[in-house]
Amino acid sequence: MQQVVALQVNGQQVSVQGESGQSLLDLLRNTLHLKATRLGCGQGQCGACRVLLDGHAVAACETPVWAVEGKSVTTLEGLGSRSAPHALQTAFIEEQAMQCGFCTSGILMSAAALLQKNPHPTRQEIVQAIDGHLCRCGAHNRVVRAIEKAAARLAAA
Ligand code: FES
Ligand code: FES
């Protein structure tokens, strides 16, 4: 069954035709053509599809379209841009906090949710925030360093 869903995506109000049973991930990637959000496991286990839903990091693959009616979604495209990158994006590049990069957009969104709630996280809190993200490339230490760096810069700004 089809239904019209009204929501805010990256600050823009959108009204889209969704299918019952459709996931937010499918809506973002295939209806709105926002491809930064990745499909990994499709089962809420890998973190590749994390986006912000009203400021909370959620797995878009497990979030049904009907649950986002009237809500605000932020994807990596809404975090920053090439010309105006978010402090996290700058720090990830500087620290080379990725290898293949497949998991990186989800990690960035979890890190953004963390820093919004807790601008001065401890190393342990950073590790906890990204614990649910699978990354086979072994960039974990660099990721933690990049988040620490971004937190310090945002706090000093
Ligand atoms: Fe959603 Fe893996 S694709 S958690
Ligand atoms: Fe390759 Fe994380 S950077 S899986």
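The values are calculated or read from the model by the stated rules, or taken from the named source; none is laboratory data. Just so we're clear, the structure is a prediction, and the values are computed from it rather than from any experiment. Using ideal geometry, Cβ is built from the backbone for each residue, glycine included, and neighbour counts are taken over all protein chains shown. Heavy atoms of the whole protein, side chains included, go into the accessibility calculation; ligands, DNA and RNA do not. Shrake-Rupley method; radii C 1.70, N 1.55, O 1.52, S 1.80 Å.
Treat each spin label as a single point 7 Å out from the Cα along the C-beta direction, and report the Q124 to S72 distance in nm.
Going by the 7 Å Cα→Cβ label model, 3.2 nm.
Want the number for D54 to E19: 0.36 nm per residue separation, take away the alpha-carbon distance, what's left?
10.4 nm
Which aspartates and glutamates, if any, have their Cα less than 19 Å from the Cα of K117, not counting same-chain residues under 8 positions apart?
Counting by Cα, and skipping residues close in sequence, K117 has these aspartates and glutamates nearby: D54, E125, D131, E148.
Once you've got the GNM for the chain with C-alpha springs shorter than 10 Å, pick whichever of A84, A129, A139 has the biggest mean-square fluctuation.
Between A84, A129, A139, it is A84 that shows the largest mean-square fluctuation.
Carbon and sulfur together cover what percent of the accessible area of the chain at a 1.4 Å probe radius?
Whole-percent figure for carbon plus sulfur exposure: 49.
Translational D (Stokes-Einstein, µm²/s) of the chain at 25 °C and 0.890 mPa s when Rh comes from the Kirkwood sum over C-alpha pairs?
Using the Kirkwood radius from Cα pairs, D works out to 156 µm²/s.
Any idea how far apart M1 and Q43 come out in nm if each label point goes 7 Å out from Cα toward Cβ?
So the two model labels end up 2.9 nm from each other.
Tell me the angle of helix 104-117 to the major Cα principal axis of the chain, expressed in degrees between 0 and 90 and rounded to the nearest ten.
Helix 104-117 and the main axis of the chain meet at about 80 degrees.
What residue among A146, A112, A67 shows peak mean-square fluctuation when the chain is described by a Gaussian network model with Cα springs under 10 Å?
Maximum fluctuation in the GNM of the chain, among the listed residues, is at A67.
For I93 and A155, calculate 0.36 nm times their separation in residues minus their Cα-Cα distance, and state this gained length in nm to one decimal.
20.4 nm
How much of the DSSP beta bridge set in the chain is antiparallel, as a percent to the nearest 5?
Counting only bridges with both partners in the chain, antiparallel ones make up about 90 percent.
Any idea what the relative contact order of region 1-139 is, in percent, if you count C-alpha pairs under 8 Å spaced at least 6 apart?
25 percent
Roughly how tilted is helix 140-156, in degrees to the nearest 10 and between 0 and 90, from the longest Cα axis of the chain?
Tilt relative to the chain: about 90 degrees.
Leaving out ligands and nucleic acids, note down the accessible area per residue over region 1-142 with a 1.4 angstrom probe, in whole Å².
Using a 1.4 Å probe on heavy atoms only, each residue of region 1-142 averages 53 Å².
Tell me what the chain gives for mean residue ellipticity at 222 nm when only DSSP H runs of n ≥ 4 count, each as -39,500 (n - 2.57), the sum divided by the residue total, rounded to 500 deg cm²/dmol.
-9500 deg cm²/dmol
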